[in-house]
């Protein structure tokens, strides 16, 4: 599995938005036009640019070979390379792209110093009880960590927010994170979660291939590196 990040706030953004849009798919350009916030536009632009960088660097896919199709829940897939799976996420200053030969989901979330809403539609009753017992900052930290685990799983299976998030729970045994659905262990998925850039959680979920996923080193690239490759 290849995992790359780019910091959208540390780039010499001398390329105008219209120039960068030329690298993107028509579907992505349409979505970007609907966004009102400039930060969201920038994150979305960098997400597909980063994906194209990884696909060119590791799979030698040209721009013409990269075409997308979408599931009924809106999950994108490569139209002509169904054996290559990818997932994108962004939060705050960072965009992350994970690509591999198995179903994959990735999520990055900024840990903000504000109260966290323990939504019963997201967290199970047991999770809420445990989180409520923690000091505020630890509650925020743990709550966001749990959210990234859930988000990475539903992105892996392509269910979107139609999946009942409160039915997903996790057990951490040493360094291994176990998935539980409706309070029953669910095998076949592996998770990797780490603190990233000081105040982010970066979590990935892959479909189990019968062996333990080795630690994935996350590489950071610049906009200049991306454009040079694609």
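Please treat every number below as a calculation from the coordinates, not as lab data. In this text, all values refer to a predicted model and were calculated from it rather than measured experimentally. Methodologically, a virtual Cβ is constructed for each residue, glycine included, from the backbone with ideal geometry; neighbour enumeration extends over all protein chains shown.
Adding -39500 (n - 2.57) for every DSSP H run of four residues or longer, then dividing by how many residues the chain holds, sets the calculated 222 nm ellipticity at -10000 deg cm²/dmol. Between residue 1 and residue 22, what is the FRET efficiency for a Förster distance of 22 Å, r being their Cβ-Cβ separation, to the nearest 0.05? In this case the efficiency is close to 0.15.
On full extension, the segment bounded by residue 194 and residue 29 gains 56.2 nm, given 0.36 nm per residue less the C-alpha separation. Among 90, 77, sorting on how many other beta-carbon atoms sit within 10 Å of each Cβ, with the fewest leading, yields 77, 90.
The protection proxy used here, the mean number of other Cβ atoms lying within 10 Å of each residue, ranks peptides 97-108, 163-174 as follows, highest first: 97-108, 163-174.
In this structure, residue 172 and residue 101 have a Cβ-Cβ separation that, at R0 = 35 Å, corresponds to a calculated FRET efficiency of about 0.85. Taking every C-alpha pair closer than 8 Å and separated by at least 6 residues, the mean separation divided by the residue count of the chain gives a relative contact order of 24 percent.
Note on 114, 29, 52: ascending count of other Cβ atoms within 10 Å places them as 114, 29, 52, the fewest first. Taking the longest Cα principal axis of the chain as reference, the axis of helix 38-59 is set at about 80 degrees. Ordered by the number of other Cβ atoms lying within 10 Å of each residue's own Cβ, fewest first, 180, 16 fall into the sequence 16, 180.
Region 1-66 and region 89-166 have their alpha-carbon centroids 24 Å apart. If R0 equals 30 Å, the separation of the Cβ atoms of residue 163 and residue 9 corresponds to a calculated FRET efficiency of about 0.40.
Quick one: helix 136-157 against the long Cα principal axis of the chain, what's the angle to the nearest 10°, folded into 0 to 90? Here the helix axis deviates by roughly 60 degrees.
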